[in-house]
Every structure is written in C-alpha cells, then in structure tokens.
Amino acid sequence: MKTAILGGGPAGLYFAISMMLRDSSHDITVFERNKADDTFGWGVVLSDETMSNFEVNDPVSEKMIRDSFAYWDDVKVVRGDESMTSSGHGFCGIGRKKLLLLLQDRARQLGVKIEFETNITPERIEDLKEEFDIVVASDGLNSMTRGIYEDKFQPEIDMRRNHFVWLGTHQKFDDAFTFIFEETEHGWIWAHAYQFDDDTATFIVECGPETYKSFGFDTLNQHDSIALCEKIFAKHLGGHALMTNANHIRGSAWIQFPRVTCENWYFDNVVLLGDASATAHFSIGSGSKLGMESAIMLADELSSDKPVSEALQTYQDERKLQVLRVTSAARNSTEWFEDVERYLGLDMMQLNYGMLTRSQRISHENLRMRDPKWLASAEAWFQAQAGSNSKRSPMFAPFKLGNMTLENRVVVSPMAQYKAKDGMPTDWHFVHYAERAKGGAGLVFTEMLCVSKQGRITPGCPCISDAQVPAWKRLVDFAHTETKAKICAQIGHAGRKGSTRLAWDGIDMPLSDGENWELLSASPIPLMEDNVVPKEMDRDDMDMVKAQFVDAVKAADAAGFDMIEMHGAHGYLLAAFISPITNKRSDEYGGSLENRMRYPLEIFHAMRDVWPAEKPMTVRISANDWMGEDGVTPEDSVGITQMFKDAGASAINVSSGQTDKAEKPIYGRMFQVPFSDRVRNEVGIPTLVAGNIYEPDHVNSTLMAGRADLVLLARPHLTDPYWTLHAAVELGDTEQEWPAPYEGGRRQANSLAERAKAMAT
C-alpha cells in the first residue's frame, strides 16, 4: 500500500512504524514541514498503561522510549506556602524532541521515507490523493487538511477560555507532577510542571482571561512575558530561568486551547489522525497517547483484508468512541481549571482531592488502590469536618441541616409512584417509603405531594392537606420509631404539566376526553400540542394557590415530617414562572429573572413563615433548561440560588431539564453534579444532587470533592431499597447498622464479601 503521511509528529511517525511492522512491503512517505530536530513543545507524558500498549505493538521502539524516560509516582499540589502530595499515579515523561528523534530512527530502520522541510499546499494534497492509496493527515490541531475539506470532516472547534504558555526550565521537578497555584494582585495564576529528562522540566503557565488581561500578557513580547512569569514563580524556580522554544512566534506565545471534534474522520482515501481529528487538553497529558494509540488501530484496520473504505469506517466507528471517553475526561479537566478559583479557597485536602479526581477517570476507590494512606487521611479529614471521629467513607459522614441531623449523606430521591387514589396515599406508599427508610439512607424524600387535586400531575399522584395527614403521619411515625432515617415532604403544584396519564399509560400524554381538568400556569402554553391549555394565572389564582401551599406546609408539620422541599424545578408551576421558555408574561411577574422569581419567592416566604423555624426547608431548581440561551442557563442558576438563599432556604436541590419537550440534554455519569458544584461553591450554600449516580464511588467522590453535601439516588433505590446497606458491604464497612431483625443477614453479607475478597486475591 502506497501511503502519504502529512505531518511528522508522534502520531504520524508511529503510524508509519506500525504499518511497516505489519507489512514491510508498504511504500510510506512522511511529509514534514519542519526540520528533523525542530519541535515547539517540551515534554510528553505517557502512562504505564500506554507504554504497555506500545510494548505489544513494537517492543523495539517501546524500549527506545522507555530508556529515555523520567519517571515519577507522585502528584503534588502547591498553593502559596501549603503543599500536599499523593502517590501511586505512575507517569513517565520524555522530551518531545527526543521522542521524535527516536521515532524517526525507528521509522527509517523499517524503510519509511521522511521528507523534512516540505510544505504541502492544498493543490499538493489533491495530487497526493491521486498518487497514493491512502493519505493520512496527522498535521496537528491546526490541520490544513481538515480545513481544506471542512465540508467533509465537519469539525467543531471550541476555543477554551483560559490562556496558557508552554515553557521549560532547568529547575528540578523530578519528585512529582507538580501543580503550583499563586495568588497575585491580578488574580490566581498557576503552573503545570513535570520533569522529562535529567536536566529539563516542562513548565506550563496558565490563568483565566481576566488575570491574563490584568497582567498585560496580551501586549507583552515573549522576553518580557517570560520575565514576568519568572518573577511570579520565583520561589519555585530556585534561581533557574524559564525558557521558550517558540521564538518563531511573534508576541508572547500565549494561546488558548482549541477543543477539536470532527463528525467524520475520513472521506475517500483521506483520514485524520491524532490532534487533527480530536484534541485532549494538556492538563491530562493524553494528546500524544491518543494519537499514537489511534495509529495502532488505524494500522490494524488498513492491514486487514477489508476494502479500504470498510477499514476506515471501522476505524472511525470504534476508535472515535474510545477517543471520546478520553476527550470527555479532558473536557472535565479543562473545565475544572477554568473554574479553579472556585476551589482555591477550599481546605488543601479537599483541593487536592478535587484536583486528582477532576477528570472523573480516577475514582474514590481507585485512589485507595493508588495511595491508601493518603485517602484514609482524606476520609478522616472529611469525617472530622462533619463532627465525627470516624474513619468511614464520606457517604457515611453525618450531616446537619437546621435541627435535623442525618446519619449519612445518602438520600432516596423523590420518585413518582402514581398509586394514589383521588389524592390519597395508599398502602403502596406506606410500604414503598417504609422499606427505603429501613434501607439505611439518611434521608427519604416523598414524591411531589400536590397542594391540590388541580395541582396533581396524574390521577395517581398524592396530595398533602388535612385529609392526608393521618396516612403520612403513619409513615413518618414508623420511620422515626423503627429506623434512623429522616423524612422530607416535597411539596409542589404540577401547573401546565398536570392532567396527564399514569406514566405506564403514556407519560405526559393528556387524559382521555372528559377526564382532564383545568390547569393553571405562568402563561397559556400547553405542555404538548394535544395537552390542556393552562389558564394564565391572575392575582386571585396566585392568592388561591399560595393559600394551598400554606395549608400543605401546615399539614406536613402536623404529619411530623422532618423537612420540606418546595418543588421549583422540572417545568411544574413554580418552575414555569422561573423559566423564560414557559413564562411569557408582560406584567411584573414576567420578563427579567428578578421578575420571573417574584411569585416563586412569594410562595417560598409564605411556606417558610408557617414551617417551624428550626426545621430545614429546601428548594429544588432546574439549573439548566437544556435549551441554550433561550431558557434557564447554569449562569442563571447562580442568581436563582442566591435569591432563594437570601430568602432563607436551608439548601438547594440542584436538578435540570424537563421544562419543555424541545430540550436537548447532555446525559452522562453524574451529569448534574457540575451544576451542583457551581451553585454550592459560588453561592456558598449546601446542595443536594441527583442524576445518573448509581455507585458508592460516585457518591463518595462527589462529597469528598465538595461538589455537593447530600447525594440523591433514584433508580438504584427502585431496584434495591437497601442500597445503602449493600453499599456498606461492598466497601467493607462493617460499622453500618442494619434493622435488628436483619442482623443475621448483615453478618452473612459481610462474611460472603470477605470470602469473595479473599478468593479474588
């Protein structure tokens, strides 16, 4: 196969090597515009796992690379005069120039032709398409090939907000991959530093756009810019200079990171490779890794018996998904650094933990494998902050809200059951909630209890008023007598989302003719075309509904609930006032966010006034309508939260979406945690969060990193009412109490877990 490779970086060279290893008869030419020893980066980071992949593919080049490595096992975080180190991370560093020279030598050994100082024009690429069987565009994140055929590859380039400059130094950072945060008169600025050979370390300086502008980095030349960085980080450089190898660039050489994704990775016989197809932020050090591992798969596919078009399609389908996992982690890491000033006021222990887990690739239990001593100290710190001397996992730390103290941080999320009869809870509700109270969670939410029959979602939704007090009191009394769980009544009004069928009969679909009831909402906008058109509430309607909320709160107090929550999310009545998607009013309750918040705040104050002052009251909000700037945005959620905090909310239950059917949510593991993180750490209020959280690891990492104070699990509690008890067994936590009649089950579960662990080792 006659192959042209555009770009002589690590990915292109390693692809050439991989192809020749599979068939030495290939005719491969690498076209590189720079000289053989030109490079404009400093160090390259590769993990032990990546090196193992290289060893399988080509033991010769793997040994060449490994023999030139600088190794470190530790990650150190430095903030001012504080520092903290954790171990077990297993990184390797090599100079980019050294790596390129090694790969060039190996490629030549195998018969690859390399043409340096060769500028490839758009016209030449067209010629290469005709002359070669395959054209591999590994021409970097600013790929000319991708730009020429933009209509074919359909790239998206997201220019990230922070600015950074890639420098080097002869100061030693050979004991750890080091992150240094310095607070200056112009804001925070930080460095990513790691050794890559005996004499030199990479030193990347990064800061947010405000700090960048305030320092004047946008106007400085390279010499003055580097001198300023040396001054800022002087105490960490030990008298050593900072160096640039980007003298070819005019200006200061500061750049912003472009996050590149492409809909297609190939067309005809042209295929993208490495940064040309997808980029991973330097903060997780995976750019070269991704490109070189992609090179292996591309070589495998092109060396199979498949037709070229089929081989390229398979490569795209399979490798694109694998790369997405890494680039998604890189996006998480990017955003952590973009928001890092949010965390720099945290205790060093929590800051360090957040740093280590920022990409979500390293989990809580994975940290235990890497550095059990450090994680044990972190868990003890977390428990101490909660007023406990325990050494248990964060999820088993107590939490105090108002006069209510929870045994742990696990919460049974509100989940509609649709089993009420004419607004009355039934035995189903008693058994359902009682089982989950027995299951070990610290707090159990009811589903939304509607303030009136008109405010129900479906005919199967329960209400909360004097008529329902005996049934709810029976449940609360049972929970208080037989378990340590606290019970929260979530109180709300369906608004335009009412008068719909039971979920299993067609979720959000209107009832049959003659069965629907009149609805109220902020504006006369139906949920869907065939649903009931709600009446736009006038002042009399607002007063009536406010009185219903007040009566519901009084009923919840009479029933003995420990806590109440005002449901202001998911497009229900109060959320419909908050969102510009559903609030089109022209009076004082519409328009600006402050106006849209008037009625929900009015309801909140009325509820808070009749709820005992010592008991907590929370609000559930939708932090993102998932409808872009047209709806509530994460930025808006900060203002919404601040207003509820000022009104006296004890905590905010941070959710998202379900406002309108046109939403475009981005789901994923723990997908709502970033919204909670932002609200908690920018506004300074406790938060609760749910959303595709299903493992103890998810709970512990969310809590330990300070991204929420309580974690709600929904579907896991539908499949397992005893999720918390079983999670304790899974974690080897033998301190977790079980209901006394189940003591035999606890002993057996722990014994079986110990036996399984022993057999596994």
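The values are calculated or read from the model by the stated rules, or taken from the named source; none is laboratory data. A quick note: this is a predicted structure, and the numbers were derived from the prediction, not measured. No Cβ is skipped: glycine too gets one built from the backbone with ideal geometry, and neighbour counts run over all protein chains shown. Each accessible area value is taken on the protein alone, full model and side chains, heavy atoms only, with ligands, DNA and RNA left out. Shrake-Rupley method; radii C 1.70, N 1.55, O 1.52, S 1.80 Å.
Exactly one condition in (1) surrounded by fewer than 19 Cβ atoms within 10 Å (Cβ to Cβ); (2) over 21 Å from G657 (Cα atoms) is false for K584; which is it? If we test K584 against (1) surrounded by fewer than 19 Cβ atoms within 10 Å (Cβ to Cβ); (2) over 21 Å from G657 (Cα atoms), just (2) comes out false.
Count of the range 364-385 residues, restricted to those that are in a loop (DSSP other than H, G, I, E, B) and surrounded by fewer than 17 Cβ atoms within 10 Å (Cβ to Cβ), is 0.
Residues that are under 22 Å from M617 (Cβ atoms), buried (at least 20 other Cβ atoms within 10 Å of the Cβ), touching a residue at least 24 places away in the same chain (Cβ under 8 Å) and aliphatic (A, V, I, L, M) do not occur anywhere in the range 522-529. Would you confirm whether any residue within the range 246-263 is under 21 Å from L103 (Cα atoms), open to solvent by 20 Å² or more (accessible area, probe 1.4 Å) and touching a residue at least 40 places away in the same chain (Cβ under 8 Å)? Checked the range 246-263: no residue is under 21 Å from L103 (Cα atoms), open to solvent by 20 Å² or more (accessible area, probe 1.4 Å) and touching a residue at least 40 places away in the same chain (Cβ under 8 Å).
For I232, the test of being more than 30 Å from E55 (Cα to Cα) and open to solvent by 60 Å² or more (accessible area, probe 1.4 Å) is failed.
Checking the stated criteria, T761 turns out to be of a type in the set (V, I, T), at pLDDT below 95 and open to solvent by 50 Å² or more (accessible area, probe 1.4 Å). For the range 292-329, a tally of residues being of a type outside the set (V, I, T) and touching a residue at least 60 places away in the same chain (Cβ under 8 Å) returns 10. Here the condition is being hydrophobic (A, V, I, L, M, F, W, C) and assigned to a loop (DSSP other than H, G, I, E, B); of F561, F577, F604, F549, it holds for F561 alone.
Which of the residues belonging to the range 51-80 are farther than 10 Å from C92 by Cα and under 27 Å from the mean Cα position of the chain (by Cα)? D74, V75, K76, V77, V78, R79 - these are the residues of the range 51-80 that are farther than 10 Å from C92 by Cα and under 27 Å from the mean Cα position of the chain (by Cα). For first residues located in the range 219-232 and in a helix (DSSP H, G or I), partners that are among the acidic types (D, E) and lie 6+ apart or on another chain with Cβ distances below 6 Å form the pairs I232/E182. Entry remark, the range 296-315: residues being crowded, with 20+ Cβ neighbours inside 10 Å and touching a strand residue (DSSP E or B) at 6+ places or on another chain (Cβ under 9 Å) number 4 in total. Every test in (1) more than 27 Å from the chain's Cα centre (by Cα); (2) farther than 30 Å from S24 by Cβ; (3) in contact (Cβ under 8 Å) with a residue 40 or more places away in the chain is passed by G88 save one, and that test is (1). Condition (residue is in contact (Cβ under 8 Å) with a residue 60 or more places away in the chain and not in a strand (DSSP E or B)) applied to the range 176-187: is it met by at least one residue? Taking every residue of the range 176-187 in turn, at least one turns out to be in contact (Cβ under 8 Å) with a residue 60 or more places away in the chain and not in a strand (DSSP E or B). Do we have T334 as β-branched (V, I, T) and crowded, with 22+ Cβ neighbours inside 10 Å here? Yes. Does at least one position in the range 469-482 carry a residue that is out of contact with any Cys (no Cβ under 8 Å at 6 or more places or on another chain), in a loop (DSSP other than H, G, I, E, B) and among the hydroxyl-bearing types (S, T, Y)? No, that holds for no residue. When you go through (1) over 27 Å from the mean Cα position of the chain (by Cα); (2) in a helix (DSSP H, G or I); (3) surrounded by fewer than 17 Cβ atoms within 10 Å (Cβ to Cβ) one by one for Y14, which number turns out not to apply? (3) is the only condition that Y14 fails. Scan the range 627-649 residue by residue and report those that are crowded, with 20+ Cβ neighbours inside 10 Å and not in a helix (DSSP H, G or I). Across the range 627-649, the qualifying residues are G631, V632, A649. In the set S676, S701, only one residue is open to solvent by less than 10 Å² (accessible area, probe 1.4 Å), among the polar types (S, T, N, Q) and either closer than 19 Å to M369 by Cα or touching a Leu at 6+ places or on another chain (Cβ under 9 Å) (or both); that residue is S676. The residue list A559, A575 contains one member that is open to solvent by less than 20 Å² (accessible area, probe 1.4 Å) and either β-branched (V, I, T) or out of contact with any His (no Cβ under 9 Å at 6 or more places or on another chain) (or both), which is A559.
For the range 21-41, residues that are open to solvent by 10 Å² or more (accessible area, probe 1.4 Å) and either under 16 Å from L102 (Cβ atoms) or part of a helix (DSSP H, G or I) (or both) total 8. Checked across the range 739-751, the condition of being among the polar types (S, T, N, Q) and crowded, with 19+ Cβ neighbours inside 10 Å holds for no residue.
Could you say whether any residue in the range 424-445 is of a type in the set (A, V, I, L, M) and either without any contact (Cβ under 8 Å) to a residue 24 or more places away in the chain or under 30 Å from G591 (Cβ atoms) (or both)? Scanning the range 424-445, I find at least one residue that is of a type in the set (A, V, I, L, M) and either without any contact (Cβ under 8 Å) to a residue 24 or more places away in the chain or under 30 Å from G591 (Cβ atoms) (or both), so the answer is yes.
A count restricted to the range 388-445 and to residues that are open to solvent by 50 Å² or more (accessible area, probe 1.4 Å), assigned to a loop (DSSP other than H, G, I, E, B) and closer than 14 Å to P721 by Cα stands at 0.
The criterion of at least 2 residues that are within 19 Å of E379 (Cα to Cα) is met, among helices (runs of 4 or more DSSP H) falling completely within the range 672-761, by 696-704, 723-730.
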